[in-house]
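Below is one structure, written out as structure tokens, with a few remarks after it.
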Amino acid sequence: MIDRVTATATTDLDEAASHPGQGSAQLRRTLVRDVMTTAIVSVRPDTCFDEIARTLRGNYVRAVPVLDAQGELLGVVSSADLMNITGLGDPERPTPQGRWHRGGGSWERPNVARALMTSPVTTVSPNASVAEAARALHDHKLGWLAVVEPTGRGAHRLVGVLGRSDLLAVFLRDDAELRGEIVRGLSTRLALVDPAKVEVQVSHGVVTLAGHLPTLAEARSVTEFVERLEGVVKVIHGLTHEVDRGAAGATAEDVRVVS
């Protein structure tokens, strides 16, 4: 079974991009397929415990996908799954009760991938955005995601894996490139804002905004636009504006600077 994380609906920025008549500039939106790892280390359902341990240790990975002969994803075995068994190997540990098979001669310990693996697996599409994948990792408290494509038979073929370090690629942007995207976006995405009134500086992914705008709504729209761009580490808000009489509860003291 697959617990699939799929691409979400288009955002306001995507909607703007779909109307070329408005002169929208293309904003960078990195997809999972752009940063995923395709050199996949995997095991089969009948791979034994010690071979799984050697695979994990030898490849410096915390988990491996379990694939069938057709490359379809069945589950995942992690180092945590193996540690459950490793913790039983203590000569001075009291013998657990109720674990001896009646009439048999073996302990109830899983020893192949099929029995050790976790299933269903949380997966992501290669066409999902990196931001969506990051949210999935956070929400499910995972260290990596399996990247899968449907096979047409109701199953999913593994095409890559995505780890937390892969997601950091979106921050490897040149400051000048990022600033250029912001300036172009202000000119084409925010029709009510005069880009000449906004000063943009970028240093190591930290964006500093300065300038004076007519309304609180304009200052907020600029700040929120920049915060949603890929590669932005932090936004330092330095925009000021006239008192926005239309804002509920607005006063000269609490609306002059966006914070």
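The values are calculated or read from the model by the stated rules, or taken from the named source; none is laboratory data. Because the structure is a prediction, the values reported are computed rather than measured. As a convention, Cβ positions derive from the backbone with ideal geometry for all residues, glycine included, and neighbour counts pool all protein chains shown.
For segment 170-225, what are the residues that are in contact with a Ser or Thr (Cβ under 9 Å, 6 or more places away or on another chain), over 17 Å from H241 (Cα atoms) and not β-branched (V, I, T)?
Listed by number, the residues that qualify are D175, G185, R189, Q201.
A quick yes/no check of all residues on (1) surrounded by fewer than 19 Cβ atoms within 10 Å (Cβ to Cβ); (2) of a type in the set (S, T, N, Q); (3) closer than 16 Å to E177 by Cα; (4) outside the structural domain of L178 (by TED's automatic domain parsing):
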{"position": "V202", "(1), (2), (3), (4)": "no, no, yes, no"}
{"position": "A210", "(1), (2), (3), (4)": "yes, no, no, no"}
{"position": "L213", "(1), (2), (3), (4)": "no, no, no, no"}
{"position": "L216", "(1), (2), (3), (4)": "no, no, no, no"}
{"position": "E224", "(1), (2), (3), (4)": "yes, no, no, no"}
{"position": "V232", "(1), (2), (3), (4)": "no, no, yes, no"}
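Go through segment 102-141 and give me each residue that's closer than 28 Å to A53 by Cβ and modelled with pLDDT under 85.
Result: G104, G105, S106, W107, E108, R109, P110.
When the residues of segment 216-238 are narrowed to those that are small (G, A, S) and out of contact with any His (no Cβ under 8 Å at 6 or more places or on another chain), which ends up farthest from H204 (Cα to Cα)?
This residue is A217.
Anything in segment 40-50 that is charged (D, E, K, R) and either in a loop (DSSP other than H, G, I, E, B) or modelled with pLDDT of 95 or more (or both)? List them, or say none.
R44, D46
If you scan segment 64-74, which residues turn out to be crowded, with 21+ Cβ neighbours inside 10 Å and over 15 Å from E149 (Cα atoms)?
V64, V66, listed by residue number.
What are the residues in segment 3-39 that are out of contact with any helix residue (DSSP H, G or I) (no Cβ under 9 Å at 6 or more places or on another chain), modelled with pLDDT of 90 or more and within 30 Å of A115 (Cβ to Cβ), if any?
Answer for segment 3-39, where residues must be out of contact with any helix residue (DSSP H, G or I) (no Cβ under 9 Å at 6 or more places or on another chain), modelled with pLDDT of 90 or more and within 30 Å of A115 (Cβ to Cβ): T38, A39.
Could you tell me whether segment 142-151 includes any residue that is in a loop (DSSP other than H, G, I, E, B), farther than 16 Å from P65 by Cβ and modelled with pLDDT under 90?
no
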